[in-house]
Structure formats: C-alpha cells, structure tokens
Amino acid sequence: MGSILSKMLKIIALSLFTATMILVILYFILLNFFIYEEVNKVRLCTKAIFSVKYSEMKDTYTPFSSIIKIYKKNTNIDFKLFSLFKNPQLKNNGFFKKIKNKKEIYKINSNYITYYKPIVMKNECLKCHGYEKHKIFSCGGIKSSNKIRGFKKGDVVGYIEAKAPFKRSFMKFNLTF
C-alpha cells in the first residue's frame, strides 16, 4: 500500500511540475506576443507620421515638428525629432552613427518602450534639400533660399524617437494572466 501511495505522489508531483512548466512557457510566449503588439503600436504611429509628412510634401510644406505635435496630442506617445537640419553636430553622435545603418531600433524597460526610426531622404525631400545650392526654390509653395541642402536620396538626416508608456499595460497583462 505504501509503494502505491508513493507512486501516486510521484505522479502527482510530476504532473504539477509539468503543468507549471507549461504555464511558464505559455506566459513567455504570450509576453513576447504582447511586447510585439505594443512595439507595433508605436511603430505604426511613427510610420503614420512619416506617411503624412511625405504625402503633404507634394502639395504643401508642413514641418515634421508640427505633425509630431498633432500625434503627441492624440496619443500617449511622446515623439522627439533629432535632425541634422537643427543640429549639424548630430552626425558626430554615437547613437546617430548606429541608427544610420538600421531600419529601426527599439528598447524596452519596465516603464517605457522607446522606438527609433531613421529619417531617410526621399525623392520628395530633394526638391528642397537636394544638391542644387544657393538656388531659390519652391517647397510646398514657400519660396526660400534653403541653406540645408546637398543631400541625396537615401541619406539619413536624423531620427525620430517615440516613447510610449509601458508599465500600466504590462501590469494589466500580468493581472490578466
């Protein structure tokens, strides 16, 4: 009788261990999916900012900073723009050198998801920032003598940082699980 009870206890213990391991694995799978979704929200908002900027450049001139203000106001994401146009010394910054060779970078800590995307010169940008120097040009209907010129298609001229709160969402995820 003692050996049967001993075997049953071993089976129960092994079953509990197996169930616990399955729950831990399931938790990490769902956590990775959750993090991917949170990063994707920030990525999509950032992509929308770029889409608005590039589509508006065909007809009017709206600075990135104005578009960012609209998105800041309507989301819980804090956007910052780092540009060679406003800070030419940025090209010497180590992070700028790192992001020039990336499509995107994101960092996650317990409070925030921080997403970085390089600003790459497109054909639409070149009419104002291309190689022709000291020429009066029309950028979205605005005539100006732009000093920030000499770029070519594909040049990285800065990056955008999108910082979204993560702590509250993560706590909700843990409570749900």
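The values are calculated or read from the model by the stated rules, or taken from the named source; none is laboratory data. No experiment lies behind these values; they were computed from the predicted model shown. Cβ atoms come from the backbone with ideal geometry, glycine included; neighbour counts cover every protein chain shown. The protein model used for the area step is the full one, side chains on, heavy atoms only, and it has no ligands, DNA or RNA in it. Shrake-Rupley method; radii C 1.70, N 1.55, O 1.52, S 1.80 Å.
Taking the C-alpha atoms only, the angle from helix 167-176 to the longest principal axis of the chain is near 30 degrees. With a 1.4 Å probe rolled over the protein heavy atoms of all chains, the accessible area of E37, E161 falls in the order E37, E161, largest first. The computed Cα extents along the principal axes in Å for the structure shown corresponds, within (i) 46, 32, 32; (ii) 47, 38, 35; (iii) 98, 31, 23, to (iii).
D for the range 84-135, whole µm²/s, Stokes-Einstein with Kirkwood Rh over alpha-carbon pairs at 25 °C and 0.890 mPa s: what number? It comes out at roughly 183 µm²/s.
Within the assembled protein chains, the solvent-accessible surface assigned to Y112 is about 90 Å², based on a 1.4 Å probe. For M21 and D78, a Förster radius of 41 Å and the Cβ-Cβ distance give a FRET efficiency of 0.55, rounded to the nearest 0.05.
Once each of the trypsin sites (Lys or Arg not before Pro) sitting in a DSSP loop with at most 12 other beta-carbon atoms within 10 Å is removed, the chain keeps 1-57 as its longest stretch. For Cα pairs less than 8 Å apart in space and 6+ apart in sequence, what is the mean separation divided by the residue count of the chain, i.e. the relative contact order in percent? After rounding, I find 24 percent.
Shape analysis of the range 32-135 yields a ratio of the Cα radius of gyration to the Kirkwood radius, Rg/Rh, of 0.99. Counting 0.36 nm for each residue step from L14 to I70 and taking away their Cα separation leaves a gain of 14.6 nm. Label positions at L31 and K100, each projected 7 Å from the Cα along the C-beta direction, are separated by 3.7 nm. In a fully extended conformation the segment linking S51 and N109 would gain 18.1 nm over its present Cα-Cα distance, using 0.36 nm per residue.
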